[in-house]
């Protein structure tokens, strides 16, 4: 988590959104709908004589242009392999656009509902889809997007929390000790499993990034795509051991799964827990975050977070 440049979202008024879209030769009909997103800003924009499009404005300082284009190329590769993903559209020979201070991309609108993760049929279907995604992801590595590792998901978010005024001063030393203990536990967990394949992943594959239609699931929002173990894309979709087995049953129809990776679920879950607090702390200057997460400004939330970390570090 390097320091981010000031995010100019205050300048992203409706007129600026429409101007960015129209800079590509499209004609807006003036309809604009803000969609749920915290990391970036995402809108549905109505067009004259054409279906609406979705426009994503990227957070300044998070990804380089090369890293964004690498994600776009991966999604395009998945779409070319006939996987149901929502790929960015190309204008002026690029999927990444610039207008003023903003970088943005346009996507076709994709409707759908949440998957039914208690359904063995839906879980097996998702397993097959993710196996196919990983088959494409294993063809070559990312060069610009990094990996799901302790540096990015433990050390960096912990630094952000310790530097944040949100963390009560009395909790700073206990928090640092808890992170050190957890980092050692996570490192030991990965070492115990040994070397596993690292491949291009969706990276944030939870139910909110799956849209289900009568034709089946569509994957959206690969903004967190990184290198990592296959199980990273599986565990968030499986709330129970039975659900995980249903997911893996579908996965095995298209790709072998290294079952040693199941032991990485707990380390990956802990990394996500640590990363979540650092993510909020680092972005607290963005007005959307205090509005969405007001509880994080309360000492009690940090006390409970620290208790959770301590409990995890002490778990057998």
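The values are calculated or read from the model by the stated rules, or taken from the named source; none is laboratory data. Being a predicted model, the structure only gives us computed values, none of them experimental. Here the Cβ is made from the backbone with ideal geometry for all residues, glycine too, and neighbour counts use every protein chain on show.
Selection within the range 118-138: residues that are touching a residue at least 40 places away in the same chain (Cβ under 8 Å) and outside any helix (DSSP H, G or I). The member of this set that is surrounded by the fewest Cβ atoms within 10 Å (Cβ to Cβ) is 118. The residues in the range 70-101 that are assigned to a strand (DSSP E or B), farther than 30 Å from residue 239 by Cα and in contact with a helix residue (DSSP H, G or I) (Cβ under 6 Å, 6 or more places away or on another chain) can be counted, and the count is 1.
Is it true that residue 115 is over 16 Å from residue 252 (Cβ atoms), under 20 Å from the mean Cα position of the chain (by Cα), assigned to a loop (DSSP other than H, G, I, E, B) and not assigned by TED's automatic domain parsing to the domain that holds residue 203? Judged against the criteria, residue 115 is a match. What number of residues within the range 77-96 are over 21 Å from the mean Cα position of the chain (by Cα), closer than 19 Å to residue 220 by Cβ and in contact (Cβ under 8 Å) with a residue 40 or more places away in the chain? Counting residues in the range 77-96 that are over 21 Å from the mean Cα position of the chain (by Cα), closer than 19 Å to residue 220 by Cβ and in contact (Cβ under 8 Å) with a residue 40 or more places away in the chain gives 1. More than 20 Å from residue 296 (Cβ to Cβ) and not in a helix (DSSP H, G or I) - does that describe any residue in the range 151-171? No, the conditions are met nowhere in the range 151-171.
Note on the range 302-316: residues that are free of Cβ contacts under 8 Å to residues at least 24 places away in the same chain and either closer than 15 Å to residue 161 by Cα or within 22 Å of the chain's Cα centre (by Cα) (or both) amount to 1. If you go through the range 52-85 and keep only what is crowded, with 17+ Cβ neighbours inside 10 Å and modelled with pLDDT under 95, you end up with 59, 62.
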